[in-house]
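Report on the following structure.
Since every read-out is calculated from the coordinates, none of them should be taken as a lab result. Nothing here was measured: the structure is a model prediction, and the numbers come from that model. All Cβ positions, glycine included, derive from the backbone under ideal geometry; neighbour counts span all protein chains shown.
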């Protein structure tokens, strides 16, 4: 019988931690690290900064949310990057799972806000990693260069304290509010997430197919 903790180490369709590309990437990132804390920190920063945050990358197809596919694309939105970090941690024998919350993002770009029709992000995703006897939240969504374009402090992770979005940006403006806690999951509840997104942002999916968007360039343009 699989225990709840063991389920946070298993490979799944989405968290395909045994995929060769995933294991090679994670092993290389963790080279020279001697314990789970050091490995988790290295993996967090690798996923945060080497995988570009792109909120225009949401695809309804379930295969697009496999960790190996996200790694190959080298981009993804918050849930995709959390799936990848979770898979990388599991590949190194570190228990990891997914956490979700509805959040208000006040540092959205004008174009994305128009497509979504709101600044409420349903099912915002992050990883939860088991380190030193407790679960610690890790949010690897915004890569460093994007944070610089937004005038936002990059989100750090020390493996001890929860790492969730700062409430304020570098200018003291409100950044992000957590509205509803959706809970923790050993696997990606993709059908629930995509159903909620299709209901909340019908215009987003209609317009997404018509034009390729560059979120980082939009952030830079709007925050110069």
* For each of 56, 13, count neighbouring Cβ atoms within 10 Å of the residue's Cβ, then give the residues from fewest to most. => 13, 56
* Asked: Extension gain residue 179-residue 199, at 0.36 nm per residue separation less the Cα-Cα distance, in nm?
  -> 5.4 nm
* To do: Describe numerically, in nm with one decimal, the distance between label points set 7 Å from Cα along Cα→Cβ at residue 27 and at residue 59.
  => 2.7 nm
* Debye sum, Cα scatterers, segment 6-223, no solvent: what log₁₀ I/I(0) at q = 0.16, 0.18 1/Å? -> -1.07, -1.37
* Over the alpha-carbon set of segment 17-82, work out the extent along each principal axis and list the three values in angstrom, largest first. => 39, 21, 14
* When you count, for each residue, the other Cβ atoms within 10 Å and take the mean per peptide, how do 195-206, 115-126, 21-32 rank with the highest first? -> 115-126, 21-32, 195-206
